[in-house]
Every structure is written in structure tokens, then in C-alpha cells.
């Protein structure tokens, strides 16, 4: 009769526990950002906007493919894009320091910053 706990089962359990612990530690260290840095790069134009995440507003960014960013309750996200695949709209809402979202066909990259 085989032992219930063999070495493979024990190894899998250790890896799962370590993975869950790592995720918990990473989530515990997240800090909410206070601003979004928006880089706009297209057709030789390079611009950087700084958006305050404490102010609810909508930003329409005109590039070769216009995009719309919405800020609400300390979060920012792409709501509308004229790009062919609309992947940027699927990034969802971002608000933590270091998180990012981008619409590469439009040349717009958003990165959350703590602001210090």
C-alpha cells in the first residue's frame, strides 16, 4: 500500500504555500498612487501629462488614434479608443503605484506614481 503523503505531494504543497505567501506579501506592500503620468508619443510628438487622481474628470487625448481616459475615485482607465483591437480598454482601472496601462497604436502610456 502506498503512503498517502509521498515526496511529490509534499513538494507540490510547499510550492503552493510559498506562492500564496508571496502573493499576500506583494498585495500588502501596495500603495495607492496620487497621480498618473501619461506619456504621449506619436508622429514625432513627445509630451508628458500629469493627472491628479483625486480629481474626477475625463481626458480626451488627440493622437493619430484618439483615446479617452477617465479618472474617478482615485482610479484611471481607458474608456474609449479608436485603435483597431481596443486592448487598452481591457486593462481595467489602475490606482496603485507602479501599475500601468497603454494604448500602443495611439502612443499613449499611463503609469501610476506615488507623487513623492
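What follows is calculated from the coordinates using simple rules that are stated; it is not laboratory data. What you see is a predicted model; the values in this text were computed from it and never measured. As a convention, Cβ positions derive from the backbone with ideal geometry for all residues, glycine included, and neighbour counts pool all protein chains shown.
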Hey, residue 53 out of contact with any strand residue (DSSP E or B) (no Cβ under 9 Å at 6 or more places or on another chain) and over 18 Å from residue 106 (Cα atoms) or not
no
Does at least one position in the range 8-31 carry a residue that is outside any loop (DSSP other than H, G, I, E, B) and in contact (Cβ under 8 Å) with a residue 40 or more places away in the chain?
no
Strands (runs of 3 or more DSSP E) fully within the range 49-116 counting 3 or more residues that are within 26 Å of residue 28 (Cα to Cα) and in contact (Cβ under 8 Å) with a residue 60 or more places away in the chain
108-113
